[in-house]
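**Q** I have a structure I would like to understand better, so I am pasting it below and will then ask my questions one at a time.
None of the figures in this text is laboratory data; all of them are computed from the coordinates on show. What you see is a predicted model, and the numbers here were worked out from it, not measured in a lab. Heads up, the Cβs are rebuilt from the backbone with ideal geometry, glycines too, and the neighbour counts pull from every protein chain shown.
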Amino acid sequence: MIDAHNHLHDARLAPHHGEILPLLAQIGVQRAVVNGTREDDWPAVATLAAEQPWVLPSFGLHPWYAAKRSAGWLETLKRQLDEHPRSGVGEIGLDRWIEGHDLADQTEVFSAQLTIAAERNLPLTIHCIQAWGALRDILRTHPLPSRGFLLHAYGGSLEMMREFTNCAGYFSFPPYFLHDRKSAQREVFAAIPEACLLVETDAPDLRPPDERNTHPLHDTTGEPINHPANIEVAYAGLAEIRGMEVAKLADIVANNFARLFGG
C-alpha cells in the first residue's frame with residue numbers, strides 16, 4: 001500500500017512513532033508522501049525522510065499559513081528542495097473555507113510555488129476547499145509539471161474532475177470520505193479514470209467513521225486523530241466503491257504513484 005498524502009511528522013503523531021512506524025511496515029505500507037505545510041515544520045519533514053527511506057518528503061506553504069510567512073520563505077523553500085532531490089512541492093493551494101481568507105494573497109503564494117514545481121518538474125500536491133473555479137483558472141493558464149499534480153482529498157464536482165484530468169491531474173481518496181455525508185465524493189471517485197486514482201490518509205486528520213476505524217488513536221490531549229494505518233480502510237473503501245478487489249486497486253495505485261512521484 002502507498003499513502004499519497006499524510007503528515008506523519010505532525011506533533012500529534014510524533015509521540016506515537018514507536019508504535020506507528022513498525023505497524024505501517026507490518027501492514028505493508030511501502031511508500032508515503034509526507035507533506036510540510038509551513039516554514040517551521042519543513043525541518044521535521046526532512047528529518048523524518050532522512051530516518052525513514054520509504055518516506056518521500058514534500059515541502060510547501062499551505063494557504064492556511066500563507067499570511068504568516070517570513071520575507072525569505074520562498075528562498076527557504078528552494079533550499080529545502082535543493083537539499084532533498086527526491087522531494088515534491090506541497091501541500092499548497094487555495095482555500096475560501098478558512099475564516100478571514102485572502103484569496104488574492106493565497107493566489108500569489110500558490111503561483112510562486114507552482115512556478116517552482118513546473119520549472120523543476122517536481123511532483124505537486126494541491127489543497128483546495130471552496131475555490132475550485134479559481135484553481136481551475138490558474139491551472140489552465142499557468143505552466144505545470146509535465147509529470148502532473150495531485151488534488152488530495154478531492155472534494156470537487158464530477159464536471160470539474162474532468163477538467164483537472166485534462167490537465168494531468170490525479171485524485172487521492174481518504175478514509176474520511178467513507179462517512180455517510182460524503183456520498184457525493186464517493187460518486188465522483190467511482191467515476192475517476194483508473195489512471196488518475198491514488199489513496200491517502202491525511203493523518204492525523206480526516207479520520208474514517210468510527211465503525212470503520214480499525215486503528216483508533218488519540219493525541220496527548222485525548223482528542224481522536226487519524227492513524228496512518230487507516231490507509232487499509234481507505235484502500236478497502238475505494239475498492240468497494242470501484243467494485244474491484246483490493247489487490248487490483250493496489251496495482252493500479254502503485255503504477256499511478258510511480259508516474260507522478262517516481263519509483
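**Q** Where nothing but the Cβ of Lys and Arg (+1) and of Asp and Glu (-1) is charged, how large is the charge dipole of the chain around its Cα centre, in debye to the nearest 20?
**A** Roughly 620 debye, rounded to the nearest 20.
**Q** Going by the alpha-carbon gyration tensor, a ≥ b ≥ c the square roots of its eigenvalues, is region 1-124 rounded (a/c under 1.5) or, if a/c is not under 1.5, prolate (a/b greater than b/c) versus oblate?
**A** prolate
**Q** Then there is this: Once amide H atoms are placed 1.01 Å from N in the peptide plane, what residues at a sequence separation of 5 or more from ALA131, or on another chain, have their amide H within under 5 Å of its amide H?
**A** Correct list: ARG96.
**Q** Among THR214, THR165, THR141, which one shows the highest mean-square fluctuation when the chain is modelled as a Gaussian network with alpha-carbon springs under 10 Å?
**A** THR141
**Q** Moving to a separate point now. Could you derive backbone 3J(HN,Hα) for region 129-136 from the dihedral phi with the Karplus parameters 6.51, -1.76 and 1.60 (θ = phi - 60°), listing whole Hz in sequence and x where the residue is Gly or Pro?
**A** Result, ordered by residue: 9, 6, 9, 5, x, 5, 5, 4 Hz.
**Q** Continuing with this model, one more query. Order of SER146, SER172, SER70 from fewest to most other C-beta atoms within 10 Å?
**A** Lowest to highest Cβ neighbour count: SER146, SER70, SER172.
**Q** Tell me, what is the percent relative contact order of region 2-261, built from C-alpha pairs under 8 Å that lie six or more residues apart?
**A** Relative contact order comes out at 18 percent.
**Q** HN-Hα J couplings of region 40-57 from phi, Karplus 6.51/-1.76/1.60, θ = phi - 60°, integer Hz, Gly and Pro as x?
**A** Residue by residue, region 40-57 yields 7, 10, 4, x, 5, 4, 4, 5, 4, 5, 5, 7, 10, x, 7, 8, 9, x Hz.
**Q** For a quick check: sort THR76, THR47 by the number of other beta carbons within 10 angstrom, fewest at the front.
**A** THR47, THR76
**Q** Which aspartates and glutamates, on any chain, are close to LYS68 with Cα under 19 Å apart, when same-chain ones fewer than 8 places away are left out?
**A** Once the sequence-local aspartates and glutamates are set aside, what remains near LYS68 is ASP10, GLU39, ASP40, ASP41, GLU91, ASP95, GLU99, ASP102, ASP105, GLU108.
**Q** Still on this model: Can you pull the semi-axes for region 187-263, root of five times each eigenvalue of the Cα gyration tensor, sorted largest first, whole Å?
**A** Taking √(5λ) for each eigenvalue gives 25, 15, 10 Å, largest first.
**Q** What is the packing order of peptides 215-227, 249-261, taking the mean over residues of other C-beta atoms within 10 Å and listing the highest first?
**A** 249-261, 215-227
**Q** What is the packing order of peptides 101-110, 29-38, taking the mean over residues of other C-beta atoms within 10 Å and listing the highest first?
**A** 29-38, 101-110
**Q** Karplus couplings for region 243-260 from phi (6.51 cos²θ - 1.76 cosθ + 1.60, θ = phi - 60°), rounded to Hz, Gly and Pro as x?
**A** x, 9, 6, 4, 4, 5, 4, 4, 5, 4, 5, 4, 5, 5, 4, 4, 5, 7
**Q** Further, regarding this structure: Report the residue, chosen from GLY18, GLY133, GLY243, that carries the largest GNM mean-square fluctuation when the chain is represented by alpha-carbon nodes joined by springs under 10 Å.
**A** GLY18
**Q** Another question, if that's okay. How large is the Kirkwood hydrodynamic radius of the chain, in angstrom, based on all distinct alpha carbon pairs?
**A** One over the average 1/r among Cα pairs gives 18.3 Å for the chain.
**Q** Please give me, ordered by residue number, the GluC sites (Glu not before Pro) of region 159-263 that lie in loop per DSSP and have at most 14 other Cβ atoms within 10 Å.
**A** Filter output for region 159-263: GLU245.
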